[in-house]
Amino acid sequence: MKNELKLSVIAQNVSSSLTRQFFNMAKEISDTIDFTLGDPDLKPLESIRAAACDCINRGNIRYSANAGLLELRLKIAKDVNDKYNSNIDFENVIVTVGGMEALYLSLLSIINPGDEVLLLGPYYVNYLEMIKMCGGNPRIIWTEEDNHFEPSIEELKQAVNSKTKAIIINNPNNPTGHVYNRKFLKEILQIVSENHLYLLSDEVYKEIIYSDEKFYSPFDGTKDNVILIDSFSKRHSMTGWRIGYAIGAKYIIQAMTKLQENVAACTPVISQYAAIEALNHLFPEENLREYRKRISEALEILKTCDKIHAYIPQGTFYIFVNIKKTGMKSLSFAENLLLKKHVAVAPGLAYGANYDNYIRISLTLPLEKIKEGMNKMVEFIMEL
Ligand SMILES: Cc1ncc(COP(=O)(O)O)c(C=O)c1O
């Protein structure tokens, strides 16, 4: 038999996200107002930027240990213990190339080919592809706006079968901005424990919350099956620095560290030194105020158009907008809006096949641009 030059099955089956595709299309039209990526425009604090420069100037720019600088792991452990009232130590922490690598290495550590991972739709698009990259099968539990994008506990229980290995929960949720309440999360925790599953708790937006619903985490450091995923990207506006972390049982962190050695070796040390400084600061109050203002101004403008309605986010900087009454599906809506008005949004289809009647708007632009973009979008709909 002849050898064949052919891509792997995994490479053939993994898709690039529609969000990225629209971001790339937006880049080709010079005056586009781009609401596609969740990439904060606010700057990291000056002291964080200075810590990165200082690291370079001191020549502290070599590889670190695979799991990250000890100083940073210790500081993350302390920060987590302070916030979650837990009692973890640095061996429960791995520093990763963004929250994304934390998710990927976690999945790679626990998924065998054929295992199922449960996701709630609408989901953060990369979960799906990462699960496939690990040889697993994503299984979506579809949720609806009428139920605040939450499944019933019965639905969740019924989705678990002998192949189920893990559940991923993203709280607050991208793309809806929904914040799950304590009761719901406790019930999930119970399902996970009863069925010997892992729970990946993706909390990268946990400090960007506007509602009275207090953030609750299923992580408390006592359960071996809960892996906490977090990142400096959204909270400290450090997306391009590519730094995040996972917290979990030592045996999982050890496995992730071995995988890390073979994938990236370590997270860039410049970002690690900057993260040490970032941990000296809480999520800036003024940033929360700014996002809140952006959301409420955008919602005000969207309200003027009766063919759409926005799901009111309780957290994040996203708005998930129902466009059903426009008669357009999300792809053609997003395409036409971009071509006619030079406004880029992410089609709901990116977040699951059931969300073709939605678009996601990421409010990571200054307020004036947001108002201009929202007005253009309303204009576009009126002209349909
Ligand atoms: C839900 C969710 N998890 C994880 C990430 C990963 O972020 P990063 O890799 O930049 O830390 C993102 C980024 O958009 C996200 O929305």
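The values are calculated or read from the model by the stated rules, or taken from the named source; none is laboratory data. Remember, predicted model here, so these are calculated numbers, not experimental data. In this analysis, Cβ positions are derived from the backbone assuming ideal geometry, glycine residues included, and neighbour counts consider all displayed protein chains.
Among the small types (Gly, Ala, Ser), crowded, with 20+ Cβ neighbours inside 10 Å and either more than 21 Å from the chain's Cα centre (by Cα) or in a helix (DSSP H, G or I) (or both) - does that describe any residue in the range 252-264?
No, every residue in the range 252-264 fails to be among the small types (Gly, Ala, Ser), crowded, with 20+ Cβ neighbours inside 10 Å and either more than 21 Å from the chain's Cα centre (by Cα) or in a helix (DSSP H, G or I) (or both).
Take the residues in the range 223-245 that are in a loop (DSSP other than H, G, I, E, B) and among the hydroxyl-bearing types (Ser, Thr, Tyr), then tell me which one is farthest from residue 286 (Cα to Cα).
233
Which helices (runs of 4 or more DSSP H) sit wholly inside the range 96-215 and have at least 3 residues that are within 14 Å of the ligand (Cβ to nearest atom) and under 22 Å from residue 246 (Cβ atoms)?
98-110, 125-133
If residue 311 passes every condition in (1) under 25 Å from residue 98 (Cβ atoms); (2) under 21 Å from the mean Cα position of the chain (by Cα) but one, which one does it miss?
(1)
Which pairs do you get when a residue that is in contact (Cβ under 8 Å) with a residue 60 or more places away in the chain, found in the range 173-194, comes within reach of a residue that is of a type in the set (Gly, Ala, Ser) and away from the ligand (no atom under 13 Å from the Cβ), reach meaning Cβ atoms under 8 angstrom, with the pair 6+ apart or on two chains?
175/348; 179/211
Tally time: how many residues in the range 239-254 are in contact with a Gly (Cβ under 9 Å, 6 or more places away or on another chain) and either among the aliphatic types (A, V, I, L, M) or free of Cβ contacts under 8 Å to residues at least 60 places away in the same chain (or both)?
Residues meeting the conditions: 3.
(1) under 20 Å from residue 304 (Cα atoms); (2) surrounded by fewer than 16 Cβ atoms within 10 Å (Cβ to Cβ): which one isn't true of residue 366, the others all being true?
Tallying (1) under 20 Å from residue 304 (Cα atoms); (2) surrounded by fewer than 16 Cβ atoms within 10 Å (Cβ to Cβ), residue 366 fails exactly one: (1).
Could you list, in sequence order, all residues of the range 179-216 that are surrounded by fewer than 19 Cβ atoms within 10 Å (Cβ to Cβ) and hydroxyl-bearing (Ser, Thr, Tyr)?
The answer is 193, 211, 216.
One residue is enough: does the range 298-320 have a residue meeting the conditions assigned to a helix (DSSP H, G or I), more than 30 Å from residue 198 (Cα to Cα), not hydrophobic (A, V, I, L, M, F, W, C) and not assigned by TED's automatic domain parsing to the domain that holds residue 94?
yes
Which of the residues that make up the range 177-213 are within 19 Å of the chain's Cα centre (by Cα) and under 24 Å from residue 158 (Cα atoms)?
Within the range 177-213, 178, 179, 180, 181, 185, 198, 199, 200, 201, 202 meet the criteria.
Looking at (1) more than 28 Å from residue 246 (Cβ to Cβ); (2) in contact (Cβ under 8 Å) with a residue 24 or more places away in the chain; (3) more than 16 Å from the ligand (Cβ to nearest atom), which is the only condition residue 35 fails?
The number of the failed condition is (3).
Being of a type in the set (Lys, Arg) and surrounded by 14 or more Cβ atoms within 10 Å (Cβ to Cβ) is the filter here; which residues of the range 282-322 pass it?
Listed by number, the residues that qualify are 292, 294, 307.
What are the residues in the range 1-34 that are outside the structural domain of residue 339 (by TED's automatic domain parsing) and of a type in the set (Asp, Glu), if any?
The one that is outside the structural domain of residue 339 (by TED's automatic domain parsing) and of a type in the set (Asp, Glu): 4.
Pull up the range 114-143, narrow it to residues that are in contact (Cβ under 8 Å) with a residue 40 or more places away in the chain and more than 19 Å from the chain's Cα centre (by Cα), then point me to the one that is nearest to residue 348 (Cα to Cα).
Among residues in the range 114-143 that are in contact (Cβ under 8 Å) with a residue 40 or more places away in the chain and more than 19 Å from the chain's Cα centre (by Cα), the one nearest to residue 348 (Cα to Cα) is 116.
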